[in-house]
Each structure stands twice: as structure tokens, then as C-alpha cells.
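Worksheet: the structure to be examined is printed underneath.
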Amino acid sequence: MDALLARVIERHGGLDRWNAVSTLTTRLTYGGPFWAFKGRPDFDGVELVEADLHRERIRHVQEGTGRVAEYDREADRVTVTAGDGSLIEELTNPRATFAGYTPESQWTLAQAAYFRGYATWHYLVEPFLFTWPGVEAHEVEPWTEGGEVWRGLSVTYPDNLDTHNDTQLYYFDDSGLLRRMDYQPEVNGFSPTAHYVSGATEVDGLVVPTRRRIHIRQEDRTPDLSWTPITLDLADVRIR
């Protein structure tokens, strides 16, 4: 295992503790103008989220309406059902439906559920996901920001995991906590993104970030801080 990755895993609670748990639940508030821009203003709000920690599978239940969105990578399917259980929309092989899309393309209900599903699942399972079979991780050049130097980890994912794009960059502070992620979501026309992480809390021996702010990444790799397209805030995190 890469030395930086080993330090990061230990800082977040260690593999032994991670392997002893199976599910993470949280009350997650999504915000930002991105959802309305993609034609899905109904995705701005509070969701009760349940994530499988050892399989790419996640469930969102919308607070208030009871609408359920589920994504299962093994089944390669996303479904959205009403609070009464009736099917609203579903997609099989959802990734293929984004072919040719640009950052300006509008999304269907199921497409938005797919994007939010796989993305949120990654955020909840990282950095332990970096140790999975087929995932390659190694240290790269550091990044300096705000007077701090963050060590960089390049992570390449195999085809059996859906993520923003094949290779992503993760930056960690001196304590081993994640501070920034750089990626280009394929489903959104490979738009350059700088994703900031803060507010880490310890839950049953594991460290979970609770605040995420996602910005457009400029050509010089600095973030455009004039607006924040997406925000995520976690509360009531439980692990079992």
C-alpha cells in the first residue's frame, strides 16, 4: 500500500474498524444552484441517506415527500419511487444515457438520481474505497493553497465502479484529513471541478467529513469562489 494512503486510512479509523461495519446513514442537506440549472430544483433539500459501505449501493429518501431514489451499481439500475411505493422513473445502464452531454444539458429525474447516488456513495466510502481490488492509488506532487501544503494522492478506478471520471486527485493536510478533490464529471461534459471537504467528525471510531463545497475549477487549477454550485452538509451520521 502507498505510504500516504496507509497514513490516511489509519487517520480515518483503520481498515480493521472499517471492515467491521456495513452501513452508514445520515441526514444530508443538498444545496446550491446546480440542481435547478440541470432542471431538478426538487433535488435541493434534505434527504435521509443509507449507503452500503462494501458495495456501490445507496438509497435516498426525500424528507417531506417520502420519495425514494435507489442506485445499485451491481444491478446497473437507478429507480425513483413515490412515497406510496409506486414507480416514477427508472434507468438501466444509466451511464450510457449521458453520451454526448455537455454542462448545459438538462437531466431527467432518474439521471439526476444516478449522479447524486454514485457521487454521494463515493464521498461516504472514501478513502477506504482506495484499498478495494482494482483501485490504484499513489502519491503525486503536493498542492499549495491558503498557505498550506497538502499531499496529493492520484486514484484510478476500475470499470466496475461508477465515479466522476477514471482518475481523480485527492489532497490531504498534515493530519491526514481530506481537504480537496479534483475531478471532471463525465456525465456533465467533463466539467473541471474543485471539491472542498471540512468539518470531520468521529463516529464509532471512523472519521466522516460533514461539510462539502463544490466549485468550478479554473485553468490554473484554482477554484472559482464567486459562487458555489453544490453544497452538502451531513448530520446525524450513524454507522453500523
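The values are calculated or read from the model by the stated rules, or taken from the named source; none is laboratory data. Here the structure is a predicted model, which means the values were calculated and not measured. Note: ideal-geometry Cβ built from the backbone for every residue, glycine included; neighbour counts use all protein chains shown. Heavy atoms of the whole protein, side chains included, go into the accessibility calculation; ligands, DNA and RNA do not. Shrake-Rupley method; radii C 1.70, N 1.55, O 1.52, S 1.80 Å.
Could you say which residue among Arg67, Arg11, Arg55 is basic (Lys, Arg), within 18 Å of the chain's Cα centre (by Cα) and either modelled with pLDDT of 95 or more or more than 19 Å from Val135 (Cβ to Cβ) (or both)?
Only one candidate passes the filter, namely Arg55.
Consider Val140 against the criteria (1) in contact with a Gly (Cβ under 7 Å, 6 or more places away or on another chain); (2) open to solvent by less than 20 Å² (accessible area, probe 1.4 Å); (3) aliphatic (A, V, I, L, M): it satisfies all of them except one. Which criterion is unmet?
(2)
So which residues in the range 208-230 are crowded, with 16+ Cβ neighbours inside 10 Å and either in a strand (DSSP E or B) or not polar (S, T, N, Q) (or both), if there are any at all?
Matches in the range 208-230: Val208, Pro209, Arg212, Arg213, Ile214, His215, Ile216, Arg217, Pro223, Pro229, Ile230.
Within the bounds of the range 196-206, is there any residue that is at pLDDT 95 or above, in contact with a Phe, Trp or Tyr (Cβ under 7 Å, 6 or more places away or on another chain), assigned to a strand (DSSP E or B) and open to solvent by less than 20 Å² (accessible area, probe 1.4 Å)?
So far as the range 196-206 goes, yes, one or more of its residues are at pLDDT 95 or above, in contact with a Phe, Trp or Tyr (Cβ under 7 Å, 6 or more places away or on another chain), assigned to a strand (DSSP E or B) and open to solvent by less than 20 Å² (accessible area, probe 1.4 Å).
Quick check, is Leu28 at pLDDT 95 or above, among the aliphatic types (A, V, I, L, M) and under 30 Å from Leu153 (Cα atoms)?
In short, yes.
Test of understanding: among Thr131, Thr65, Thr29, which residue is more than 30 Å from Leu5 (Cα to Cα), open to solvent by 30 Å² or more (accessible area, probe 1.4 Å) and hydroxyl-bearing (Ser, Thr, Tyr)?
From the options Thr131, Thr65, Thr29, the qualifying one is Thr65.
Taking the condition in contact (Cβ under 8 Å) with a residue 12 or more places away in the chain, open to solvent by less than 60 Å² (accessible area, probe 1.4 Å) and within 20 Å of Ala235 (Cα to Cα), does Glu47 pass?
The answer is yes for Glu47.
Give me the pairs: first residue in the range 93-119 and over 17 Å from Thr163 (Cβ atoms), second residue among the aliphatic types (A, V, I, L, M) and buried (at least 16 other Cβ atoms within 10 Å of the Cβ), beta-carbon distance under 7 Å, and six or more apart or on different chains, which are they?
Within 7 Å, the pairs are Leu109/Val80; Ala110/Val78; Ala110/Val80; Ala110/Leu91.
Of everything in the range 179-188, what is open to solvent by less than 20 Å² (accessible area, probe 1.4 Å) and part of a strand (DSSP E or B)? Give them in sequence order.
Arg180, Met181, Asp182, Tyr183
Condition check: without any contact (Cβ under 8 Å) to a residue 24 or more places away in the chain and hydrophobic (A, V, I, L, M, F, W, C). Does Leu234 satisfy that?
no
When the range 68-115 is examined, which residues are found to be on the phi < 0 side of the Ramachandran plot, surrounded by 12 or more Cβ atoms within 10 Å (Cβ to Cβ) and acidic (Asp, Glu)?
If the condition is that a residue be on the phi < 0 side of the Ramachandran plot, surrounded by 12 or more Cβ atoms within 10 Å (Cβ to Cβ) and acidic (Asp, Glu), then Glu70, Asp72, Glu89, Glu90 are the ones that fit.
Name the single residue, out of those in the range 152-172 being in contact with a strand residue (DSSP E or B) (Cβ under 7 Å, 6 or more places away or on another chain), open to solvent by less than 30 Å² (accessible area, probe 1.4 Å) and among the hydrophobic types (A, V, I, L, M, F, W, C), that is farthest from Gln111 (Cα to Cα).
In this case the residue turns out to be Phe172.
Return the only residue of Ser175, Ser191 being open to solvent by 30 Å² or more (accessible area, probe 1.4 Å) and either assigned to a loop (DSSP other than H, G, I, E, B) or at positive phi (or both).
Ser175
Just to be sure, is His138 more than 13 Å from the chain's Cα centre (by Cα) and outside any helix (DSSP H, G or I)?
yes
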